[in-house]
Amino acid sequence: MDQPPPAPAYRRVLVKLSGEALMGEQGYGIDPALVGGIAREIGEIRALGVDLAIVIGGGNIFRGVAAGAAGMDRAQADYMGMLATVINALALQDALENAGVSTRVLTAIEMRAVAEPFIRRRAVRHLEKGRVVVFAAGTGNPYFTTDTAAALRAMEIKADVILKATKVDGIYSADPVSHPDATRFELLTYLDVLERRLKVMDATAVSLCMDNKLPIIVFNLRRPGNMRRAVLGERIGTVVRA
């Protein structure tokens, strides 16, 4: 007899993908093969019956914070960064649909020719119909990161968890690339992250999650199957909770 599919630990999940996650080993832009792999894994998770939403960054194309630090008006730079996230969202949508996954892109900056405007009830309805929802353009406001957008959208759709996909296998006491002796944490509280200034999500995003008791799982996206393992409740990466 065929084994029944494993039961997911979460009913509704929001995945935070950085723009850098889409460029692979390239120094800039989008790696179509890598995005295709991410899309196939998302499709496998959706097949488990999990409602899946994604917030995507734009750092592979343009970083508003960096441009602001270099002298550009910060609000203007942030709007440019939001547009970069729309490019990434459309690329991910294309890869998901090529993998047979029904997808909708909802953007906080209105551009009806390429994406739907973000409306909370519409987003929830898409999820209920089994579509993967990709949120683009952050919150639509300058000075807020896509991490904060992820926390906000997760609250709005009543997600059970945020999966923060990174290039390392959890949260460390210091950057493990430049500090090989850094300690990896398996479990942290929100206050641990805030008080130690651990670089996982910005303070606004962590505070939002703390206020609403929304757990965060930080894991390595580059290891195939990790996203699915996190959804199934396996112990991977670092968990941040109360």
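What follows is calculated from the coordinates using simple rules that are stated; it is not laboratory data. A quick note: this is a predicted structure, and the numbers were derived from the prediction, not measured. Quick reminder, even Gly has a Cβ in these numbers, built from the backbone with ideal geometry, and neighbours come from all protein chains shown.
Before moving on, here are some points about what is shown:
- Point-to-point label distance, Asn220-Lys167, nm (Cα→Cβ direction, 7 Å offset): 1.3 nm
- For the options Val134, Val86, Val101, a Gaussian network treatment of the chain with springs between C-alpha atoms closer than 10 Å singles out Val101 as fluctuating the most.
- Centroid-to-centroid separation of the stretch 178-227 and the stretch 4-68 [C-alpha atoms, Å]: 17 Å
- Modelled label reach - Met111, point 7 Å along Cα→Cβ, the stretch 58-81 residues with backbone N closer than 20 Å: 58-68, 73-81
- Ala174-Leu187 pseudo-label distance in nm [points 7 Å out on the Cα-to-Cβ vector]: 2.7 nm
- Sorting Asp175, Asp192 by the number of Cβ atoms found within 10 Å of their own Cβ, with the fewest placed first, yields Asp175, Asp192.
- Peptides ranked, highest mean first, by Cβ atoms within 10 Å: ranges 60-66, 20-26: 60-66, 20-26
- Going from the residue with the fewest nearby Cβ atoms within 10 Å to the one with the most, Tyr172, Tyr143, Tyr28 rank Tyr28, Tyr143, Tyr172.
- Taking the inverse of the mean reciprocal distance over all distinct Cα pairs, the Kirkwood hydrodynamic radius of the chain comes to 18.0 Å.
- The charge dipole of the stretch 143-216, taken about the Cα centre with unit charges on the Cβ atoms of Lys, Arg (+1) and Asp, Glu (-1), comes to about 120 debye, rounded to the nearest 20.
- Its relative contact order, with pairs defined as Cα atoms under 8 Å and 6+ residues apart, puts the chain at 22 percent.
- Computed over the stretch 105-229, the Cα gyration tensor eigenvalues convert (square root of 5λ each) into semi-axes of 29, 16, 14 Å, ordered from largest to smallest.
- Segment Glu20-Tyr143, extension gain: residue separation times 0.36 nm, minus the distance between their alpha carbons: 42.3 nm
- Here the stretch 12-241 is treated with +1 on each Lys and Arg Cβ and -1 on each Asp and Glu Cβ, and its dipole about the Cα centre works out to around 600 debye.
- Most mobile of Thr189, Thr85, Thr148 in a GNM of the chain (Cα contacts under 10 Å): Thr189
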